[in-house]
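All remarks here apply to the structure that follows.
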Amino acid sequence: MTIARLTLIGKPECHLCDDARATVASVIGELDDPASVTLEELSILEDAALAEKYWDEIPVLMLNGVVHNIWRIDPVRLRAALQEATA
């Protein structure tokens, strides 16, 4: 089994980040094997390099270290990408 690594970059009190978190959780929960996906959350308030790179783009969702989406997460696109990444 291949594990897909998701990284959600955002900050506290960000409504788009909250929406992204909910979408990601929903998509993971719908997968045949939710354990095939790990999710790490990082805050731009705690990492100056992330803040400099992504300040205007949060939330940023990365899949296996590559930017998958910024601002809004498309659940259909994410589901397809996760199914492919864990196949």
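The values are calculated or read from the model by the stated rules, or taken from the named source; none is laboratory data. Owing to the predicted nature of the structure, the values given are computational and were not obtained by experimental measurement. Here the Cβ positions follow ideal geometry from the backbone for every residue, glycine too, while neighbour counts run over all protein chains shown. Heavy atoms of the whole protein, side chains included, go into the accessibility calculation; ligands, DNA and RNA do not. Shrake-Rupley method; radii C 1.70, N 1.55, O 1.52, S 1.80 Å.
Can you tell me which residues in the range 34-63 are closer than 22 Å to residue 80 by Cβ and either open to solvent by less than 60 Å² (accessible area, probe 1.4 Å) or assigned to a helix (DSSP H, G or I) (or both)? Within the range 34-63, 34, 35, 36, 37, 59, 60, 61, 62, 63 meet the criteria.
Taken together, 7, 2 contain a single residue that is touching a residue at least 12 places away in the same chain (Cβ under 8 Å), outside any helix (DSSP H, G or I), open to solvent by less than 60 Å² (accessible area, probe 1.4 Å) and of a type outside the set (A, V, I, L, M), which is 7.
Selection within the range 50-68: residues that are in contact (Cβ under 8 Å) with a residue 12 or more places away in the chain and not aliphatic (A, V, I, L, M). The member of this set that is nearest to residue 18 (Cα to Cα) is 59. Within the range 70-79, the set of residues being under 12 Å from residue 16 (Cα atoms) and crowded, with 16+ Cβ neighbours inside 10 Å comprises 70, 73.
Within the range 35-45, at least one residue is of a type outside the set (Asp, Glu), out of contact with any Lys or Arg (no Cβ under 9 Å at 6 or more places or on another chain), touching a residue at least 40 places away in the same chain (Cβ under 8 Å) and more than 20 Å from residue 16 (Cβ to Cβ).
So in the range 12-24, with the set limited to residues that are touching a strand residue (DSSP E or B) at 6+ places or on another chain (Cβ under 8 Å) and surrounded by fewer than 18 Cβ atoms within 10 Å (Cβ to Cβ), which one is farthest from residue 69 (Cα to Cα)? Please lay out each step first, then the result.
Our first condition is that a residue be touching a strand residue (DSSP E or B) at 6+ places or on another chain (Cβ under 8 Å); within the range 12-24, this holds for 12, 16-17, 20-21, 24.
Retained after the next criterion (residues that are surrounded by fewer than 18 Cβ atoms within 10 Å (Cβ to Cβ)): 12, 16.
Details: 12: 19, 16: 12 Å.
Checking each candidate, the answer is 12.
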